[in-house]
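Contents: one structure, followed by commentary.
Any read-out appearing in this document is the output of simple, stated calculations on the displayed coordinates, not a laboratory observation. Owing to the predicted nature of the structure, the values given are computational and were not obtained by experimental measurement. Cβ: placed from backbone, ideal geometry, glycine included. Neighbour counts: every protein chain shown.
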Amino acid sequence: MQASARPSVPLNLTPNAPAPGNREPQAALAMRMNISKVNFFYGPKQVLFDVNLGIASGKITSLIGPSGCGKSTLLRTLNRMHETINNTRLDGEILIDGQNILAEDVTALRRRVGMVFQRANPFPKSIFDNVAYGLRINGSKIPLGEAVEKSLRNAALWDEVKDHLHKSAYELSGGQQQRLCIARALAVEPEVLLLDEPCSALDPISTAKIEELLVQLKQICTIVIVTHNMQQAARVSDFTAFLLAGQVIEFSTTPHLFTTPSDPRTEAYITGRFG
Amino acid sequence: MSLRLRWRKQLSNFMLAMTGLCALVTVGVLFFILGYLVYHGGTSINWDFFVKLPAPVGETGGGMANAIVGSAKLLFLASLLGVPIGVLGAIYLAEFSSPTPAFVIRYAADLLNGVPSIVIGIFAFSLVVLPFKQFSTLAGGFALGLMMIPITLRSTEEFLRAVPRALREAAMALGASKWKTVATVVIPAAYRGILTAILLAFARVAGETAPLLFTALGNLFWSPGWRQPTASLPVMIFNYAMSPYEDWHRQAWAAGLVLLGLILVINIVARSILARGMAAPRT
């Protein structure tokens with residue numbers, strides 16, 4: 001990782017205070033993305049206030065907080081999906097591997113930073129065409145068949161669909177559709193995968209499959225997940241950020257945040273006193 | 001049961017009966033027209049109607065082959081003008097336009113849709129017929145095409161807007177540009193709807209008479225090429241029904257039946273295309 005990925009950082013840009021006994025040497029923690037001093041507005045309404053976060057490479061970072069705290073908005077700024085909504089404004093700096101994402105070509109950025117949405121949203125096309133979509137529109141030269149198989153394997157869906165790749169994606173179950181969406185995002189080999197409450201519409205078994213999958217996916221990409229489900233954040237993620245009213249209240253290693261939160265508001269939230 | 005309650009129940013029953021009756025009348029009118037047309041047209045229609053030219057005044061028999069071909073040519077021209085403009089305009093309106101121009105375009109399209117068809121006819125007359133000093137198939141097709149534009153535009157727009165935002169986001173999150181998203185995801189997802197919109201606009205103008213009266217005019221013979229006056233089914237019905245000849249009345253009924261049959265078939269096809277499923281994700 002480039003040294004420039006970690007400029008003179010504010011204190012909480014990297015996860016602070018790891019749990020005792022679980023102390024990782026901070027210098028060894030490579031950052032894939034750095035968010036610094038981000039303020040975000042929908043029209044006149046400010047929804048993110050001075051957000052600073054580091055997204056560790058090859059790890060899972062989860063964003064938790066009550067509805068409307070800005071966690072989905074923060075996630076969407078990471079691949080500039082906020083620009084698809086009119087009248088939004090982003091101040092501050094978001095770096096990926098040291099480069100400012102706002103200066104990059106937006107389509108190139110979104111290939112590097114993929115996204116999976118709350119509701120499975122496969123295209124009205126075949127399973128194969130769904131996964132191949134990103135490769136086709138980017139004019140990729142890699143053989144489609146191999147790439148599609150690899151992505152479906154990575155999304156733990158290959159064995160279930162390999163005999164009917166040309167069936168409509170809508171014939172899959174909800175959980176399979178969501179894994180298809182993950183496969184579709186993985187096909188363009190993103191460095192970072194953003195997931196916006198990917199399991200909120202799924203049953204516990206499908207949820208478990210996706211959680212298992214996410215842990216495996218750490219090998220090939222960096223993951224940021226927004227979740228409403230605190231158990232989920234505790235199970236899968238390495239780092240957790242707690243947001244409240246557009247501000248990062250606490251950012252730490254997951255065990256530390258859930259066992260010994262340093263801010264009373266974090267404790268109140270994770271013990272279920274609000275949210 | 002108190003008096004008041006009984007009164008309320010009776011009023012309720014009365015109103016229910018009235019609404020039911022009015023609904024029945026609506027359906028009844030359609031079936032009455034259909035029955036009347038089938039009765040008169042069905043007894044008059046024969047093979048000659050489809051393959052022969054109109055018979056000269058005084059002779060019986062003959063058909064409207066030239067009017068059937070003429071209508072086909074007019075509708076072809078109208079689609080050539082109305083479909084691309086309507087569909088592409090709708091894509092701009094639904095996908096690219098910002099709110100203010102969208103409002104203006106939509107409003108203009110609705111106004112154009114409300115312009116009486118006879119006025120469209122005068123417009124086409126002064127724009128296409130007068131400069132060339134010639135009634136023609138081109139002028140008629142132009143007039144019908146103008147009428148197709150707003151109908152195609154507005155319904156195509158509705159179908160494009162019905163494509164869920166989630167699909168657009170999925171494409172854009174994979175690095176697709178706006179144009180690519182529209183071309184590879186939104187239009188394929190809405191194509192059944194777009195096809196339906198085109199067919200319904202087509203069916204709508206197929207029966208128009210007024211815009212053709214002084215553009216395509218009419219013709220008792222074949223109309224070669226595009227620059228001659230041409231016969232068409234609706235105008236033929238108008239002329240034949242106004243005539244004093246019993247045999248022509250008979251043929252007007254037959255023409256009416258054929259026209260209605262055509263429009264009915266187009267409507268049924270359009271609806272079945274749509275019923276086979278708008279491509280929309282499970283929710």
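Calculate the length of the line joining the C-alpha centroid of the range A:200-226 to that of the range A:139-199, in whole Å. For the range A:200-226 versus the range A:139-199, the Cα centre distance is 13 Å. Would you work out which of B:Leu146, B:Ala176, B:Gly207 lies farthest towards the positive end of the dipole of the range B:66-275, given +1 charges on the beta-carbon of Lys and Arg and -1 on that of Asp and Glu, about the Cα centre? About the Cα centre, the residue reaching furthest to the positive side is B:Ala176. Between helix A:204-217 and chain A there is an angle of about 80 degrees, using the helix long axis and the longest principal axis of the Cα atoms. Under the criterion of Cα pairs below 8 Å and six or more residues apart, the relative contact order for chain A equals 27 percent.
May I ask for the net charge around A:Lys209, where only other residues with Cβ less than 11 Å from the Cβ of A:Lys209 are counted and Lys, Arg are +1 while Asp, Glu are -1? Computed value for this residue: -3.
Which one of A:Val192, A:Val224, A:Val215 has the biggest mean-square fluctuation once chain A is modelled by GNM with Cα springs under 10 Å? Its mean-square fluctuation being the largest, the pick is A:Val215.
With helices defined as uninterrupted DSSP H runs, which ones in chain B have an alpha carbon span along their own long axis of at least 27 Å and mean Kyte-Doolittle hydropathy of at least 0.5? Kindly include the intermediate steps, with their values, before the conclusion.
Numbers: long enough: B:3-44 (60 Å, 0.88); B:65-91 (38 Å, 1.80); B:137-161 (35 Å, 0.77); B:187-206 (28 Å, 1.49); B:246-275 (43 Å, 1.09).
Going by DSSP H runs, the hits are B:3-44, B:65-91, B:137-161, B:187-206, B:246-275.
Would you work out if the range A:76-121 is rounded, prolate or oblate? Take a ≥ b ≥ c from the square roots of the eigenvalues of the alpha-carbon gyration tensor; rounded if a/c is under 1.5, else prolate when a/b is larger than b/c, oblate otherwise.
On the way: a/c = 2.04, a/b = 1.27, b/c = 1.61.
It is oblate, given that a/c is not under 1.5 and a/b is not larger than b/c.
Scanning chain A for trypsin sites (Lys or Arg not before Pro) lying in DSSP loops with no more than 13 further Cβ atoms inside 10 Å, the longest uninterrupted stretch between such sites is A:24-140. Please figure out what share of the DSSP beta bridges in chain A is antiparallel and state it in percent, rounded to the nearest 5. Within chain A, antiparallel bridges account for around 60 percent of the total. Straight Cα distances below 18 angstrom link A:Lys45 to the aspartates and glutamates A:Glu83, A:Asp91, with same-chain residues fewer than 8 positions distant left out. Charging the Cβ of each Asp and Glu at -1 and of each Lys and Arg at +1, and nothing else, the dipole of the range B:33-146 about its Cα centre rounds to 160 debye. Springs between Cα atoms under 10 Å define the GNM used for chain B, and in it the highest mean-square fluctuation of B:Val29, B:Val205, B:Val119 occurs at B:Val29.
For chain A, the longest principal axis of the Cα atoms and the long axis of helix A:174-186 meet at an angle of about 80 degrees.
The long axis of helix A:127-137 is offset from the longest Cα principal axis of chain A by roughly 70 degrees. Note on the range B:66-275: with charges restricted to the Cβ of Lys and Arg (+1) and Asp and Glu (-1), its dipole about the Cα centre is near 460 debye.
Along the axis of the charge dipole computed for the protein assembly as shown (Cβ charges of +1 for Lys and Arg, -1 for Asp and Glu, origin at the Cα centre), the listed residues B:Leu30, A:Cys199, B:Gly114 are led at the positive end by B:Leu30.
Overall, the protein assembly as shown carries a charge dipole of about 640 debye about its Cα centre when +1 sits on the Cβ of Lys and Arg and -1 on the Cβ of Asp and Glu, all other atoms neutral.
Test of understanding: in a Gaussian network model of chain A with alpha carbons linked when under 10 Å, which of A:Ser237, A:Ser173, A:Ser252 would top the mean-square fluctuation ranking? Sorting by GNM fluctuation, first place goes to A:Ser173.
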